[in-house]
Amino acid sequence: MTFQAVNLRQVADRLKADFSGDESIVVTNVTHDSRQAHAGALFAAIRGLTMDGHRFVDDVMRRGAAGIISELDRPANFEGAWLKVADARAALAEAASVVYGNPSHELKLVGITGTNGKTTTTYLCFALAEANGEKAAMLTTVEYRIGDKSEEAVRTTPEASDTNKFLREAVDSGCPTAVMETSSQAIDLHRCDGLRFRVGIFTNLTRDHLDYHLTMENYFLAKKKLFDGGLGEAPGSSVINIDDEWGKKLADELRANGQRVLTFAQNNPADLTAENIEVSLVRGTSYLLKTPIGERTINSPLVGRPHVYNMLAATAASLELGFDLDRIAAGLETCVGAPGRFERVPHDGDFAVVVDYAHSDDALLNTLKTARDLTKGRIITVFGCGGDRDKTKRVPMGEVAGRHSDLVIVTSDNPRTENPLEIIEQIEVGLKNTSCPYLSISDRREAIHQAIAKAKPEDVVIIAGKGHETYQIVGSEKYHFDDREIAREALAKLAED
């Protein structure tokens, strides 16, 4: 990497840490993972819910770590550099920025937050940068990519040390632009502190992650930090969906503070809008894109009105980055979006099979509304809810599925340490508030097979919840499972019968 090395004194000054030790030691890496704390690494000892990083202090120092970041006082018998800070997670982020040479300052960095649409909007921003002749990088739920080099994502938003290392690699590889999903938990856990965003995007805010945030207001306030300077500084401009009530609130607050805001909407007057929207399972989505600098007719391979919001968001951000409108339009017409987002499973039958990542009640509602607009037949929905995750959405998801489907098959979706049958029973409470017939099949493979076997001409089978994921987690075991593969398996069996 091509940034200038820093020493412990420089890091300590950035963190305003209570420092003791050899200040001339050069720091080449910063991490909270003891397995990565080799010679030259600064180790942040973070006390988490299940693990305390202080357990590994002696081990990382024996392996040559440069020093320790901690909220605790330096132990009396400790030999080495110790940086005492008020918040170890926040310090990890700030240390990572300085150790890796503040890479976000050298990039046109776009951060995207919201309950739904983050991943597809990230893919679109990446594609529009490339359409404008720029090499780009992106951090998404699906993958981490620099140009044509990609690796599978570990989490939606990596730890601050990993993010800054990735952004440094992006700079060194010649990327002027980078785009990343910024989840509410990541923001709350300081993983995005110290990053300089050229543009922040707010897609929407609907019920999800209340097991973590507890209230919608807390959920909103976490996301708001991306825009109001809560991460260190406000973005150069904010792109906000004002069809969303929380987005409207955010836009009003930011404008009242004198910040630059660009709005988008389908149902309200905004800076960017879409008119004459037409959606087809075969042809994709067409609409008239209206922007402050001109109009263009768009014919996108993406299917559904929710994707129009994603395209409006990506277009607004691209305009803020100075990209050409004609090239933006060309990019919108070629980008196929993110895997597992209303993704059709191709086959020769006379009904459609769609895999979608929808795993909240609002996301499922959007998916089912899109399907309803596109089919003359029935909607058969297969879905479940993840275990050890927000339980408050299970009943609402059951109601949404029942009110907008003709047949529902409730099944498992990463039950983790919960009993799959108990999760299904909670979903059934919502289903029973509707008149929709349903089946309960805990085996997800069997549920998908049953749904496809029951499909008739012009029906749409929606397999929701996992999207791009290629695994199931049962108990503590993770094993291969891809809804798209299982759907193809079921379609092949149907063709043989």
Pick from the range 85-141 the residues that are surrounded by fewer than 23 Cβ atoms within 10 Å (Cβ to Cβ) and under 13 Å from the mean Cα position of the chain (by Cα): which of them is farthest from E181 (Cα to Cα)? T115
Selection from the range 39-56 of residues that are outside any strand (DSSP E or B) and either at pLDDT 90 or above or outside the structural domain of G67 (by TED's automatic domain parsing) (or both): A39, G40, A45, I46, G53, H54, R55, F56
Of everything in the range 158-188 that's in a loop (DSSP other than H, G, I, E, B) and under 13 Å from the mean Cα position of the chain (by Cα), which residue is surrounded by the fewest Cβ atoms within 10 Å (Cβ to Cβ)? P158
Does Y144 fit the bill of being under 15 Å from the mean Cα position of the chain (by Cα), among the aromatic types (F, W, Y), surrounded by fewer than 23 Cβ atoms within 10 Å (Cβ to Cβ) and over 15 Å from R198 (Cβ atoms)? yes
The range 92-115, residues that are in contact with a Ser or Thr (Cβ under 7 Å, 6 or more places away or on another chain) and hydrophobic (A, V, I, L, M, F, W, C): L92, A96, L107, I112
Condition (residue is farther than 21 Å from Y123 by Cα, touching a Leu at 6+ places or on another chain (Cβ under 8 Å) and part of a helix (DSSP H, G or I)) applied to the range 210-219: is it met by at least one residue? yes
Residue that is farthest from I423 (Cα to Cα) [pool: residues in the range 468-497 that are of a type in the set (G, A, S) and surrounded by fewer than 18 Cβ atoms within 10 Å (Cβ to Cβ)]: A495
Please determine whether any residue of the range 120-130 is over 24 Å from E233 (Cα atoms), hydroxyl-bearing (S, T, Y), out of contact with any Lys or Arg (no Cβ under 7 Å at 6 or more places or on another chain) and modelled with pLDDT of 95 or more. yes
Qualifying position, being modelled with pLDDT under 95, within 12 Å of the chain's Cα centre (by Cα) and in a loop (DSSP other than H, G, I, E, B), among R155, R207, R191: R155
Scanning the range 46-64 for residues that are in contact (Cβ under 8 Å) with a residue 12 or more places away in the chain and either over 23 Å from F166 (Cβ atoms) or not aliphatic (A, V, I, L, M) (or both) gives R47, G53, H54, F56, V57, D59, M61, R63, G64
Scan I277, I293 and give me the residue that is in contact (Cβ under 8 Å) with a residue 24 or more places away in the chain, of a type outside the set (S, T, N, Q), touching a strand residue (DSSP E or B) at 6+ places or on another chain (Cβ under 8 Å) and surrounded by fewer than 16 Cβ atoms within 10 Å (Cβ to Cβ). I277
What are the residues in the range 136-186 that are among the hydrophobic types (A, V, I, L, M, F, W, C), touching a residue at least 24 places away in the same chain (Cβ under 8 Å) and touching a strand residue (DSSP E or B) at 6+ places or on another chain (Cβ under 7 Å), if any? A136, A137, M138, L139, I146, F166, L167, A170, C175, A178, V179, M180
Taking A453 as the residue in question, decide whether it is under 15 Å from A352 (Cα atoms), out of contact with any His (no Cβ under 7 Å at 6 or more places or on another chain), assigned by TED's automatic domain parsing to the domain that holds D483 and buried (at least 19 other Cβ atoms within 10 Å of the Cβ). no
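The values are calculated or read from the model by the stated rules, or taken from the named source; none is laboratory data. Please read these numbers as outputs of a predicted model, since none were measured by experiment. Note that we place each Cβ from the backbone using ideal geometry, even for glycine, and neighbour counts take in every protein chain shown.
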